[in-house]
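The values are calculated or read from the model by the stated rules, or taken from the named source; none is laboratory data. Just so it is clear, the model here is predicted, and its values are computed rather than measured. For neighbour counting, all protein chains shown are included, and Cβ atoms are generated from backbone atoms with ideal geometry for every residue, glycine included.
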Amino acid sequence: MQLVLDTSVAVKWYASEDHTVESLQLAQDARQGSVRLLSPDILLPEFCHTLHKAVRAGVLPRGEVRTVLNAFRRVPIDLVPAAELVDEALHLTMLTGGAFYDALFVALAQREDADVVTADERMINAFAKIGRCVHVKDFKF
C-alpha cells in the first residue's frame, strides 16, 4: 500500500497531540515496509518550519531540533519534486479553493492513485470533492 504523507501527520511523530498514536503507527508501518510513504519535497521545509514554530512557542527545546530532524529523516519517505506537480496542483486549487501547498499533496495522490493521510481538517474539507484526503484518525491500518 502507498500513501501520501501530509506534514500534519509527520509532526505528530514528535509532538504529543491528538492522534499521535495513529500517526506513529503509520511511521512504524513505513519502517517495516508494509506501507510506502510519498510526499512532495516541500514536506521537509514545512516540517522544519513547524519545528521552528515549536521552539518559538516554547514547546520544543532548541537543543532537540537536530535530534528530531535526524529522526524524521530516518523514516522512509519517497520525496517527489514539487515541480512535477505544480500544473495539476494549480488546477486543483482553482477548482476547490484549497491551499496551493495542500494541492501539491492531493495532486501527488491523484497521480499515484493513493490517498493523502492528514490531520488537517481544513485540507480535508477543501478537497472533499476530490475524495483523496483521509484523516489519520479514520485511516484503517
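Residue count for the range 92-106 satisfying the condition of being on the phi > 0 side of the Ramachandran plot and within 14 Å of the chain's Cα centre (by Cα): 0. CYS48 falls short on exactly one of the conditions (1) within 19 Å of VAL9 (Cα to Cα); (2) surrounded by 18 or more Cβ atoms within 10 Å (Cβ to Cβ); (3) not β-branched (Val, Ile, Thr), and that condition is (2).
Applying the condition of being over 22 Å from PHE105 (Cα atoms) and buried (at least 17 other Cβ atoms within 10 Å of the Cβ) to the range 51-65 and asking which residue is modelled with the highest pLDDT yields ALA54. On inspection, GLN2 fails the criterion of being closer than 23 Å to LYS137 by Cα and free of Cβ contacts under 8 Å to residues at least 40 places away in the same chain.
Every residue, every condition in (1) under 17 Å from ARG132 (Cβ atoms); (2) more than 15 Å from the chain's Cα centre (by Cα); (3) not hydrophobic (A, V, I, L, M, F, W, C), yes or no:
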residue: VAL4; (1), (2), (3): yes, no, no
residue: ALA15; (1), (2), (3): no, no, no
residue: GLU46; (1), (2), (3): no, no, yes
residue: ARG62; (1), (2), (3): no, yes, yes
residue: GLU88; (1), (2), (3): yes, yes, yes
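Within the range 96-141, track down each residue that is buried (at least 19 other Cβ atoms within 10 Å of the Cβ), in contact (Cβ under 8 Å) with a residue 40 or more places away in the chain and aromatic (Phe, Trp, Tyr). Once the filter is applied, which keeps residues that are buried (at least 19 other Cβ atoms within 10 Å of the Cβ), in contact (Cβ under 8 Å) with a residue 40 or more places away in the chain and aromatic (Phe, Trp, Tyr), the range 96-141 yields only PHE105.
Looking only at the range 29-43, residues that are at pLDDT below 85 and among the polar types (S, T, N, Q) come to 0 in all.
No other residue among VAL11, VAL86, VAL68 is within 25 Å of ASN125 (Cβ to Cβ) and crowded, with 18+ Cβ neighbours inside 10 Å apart from VAL11.
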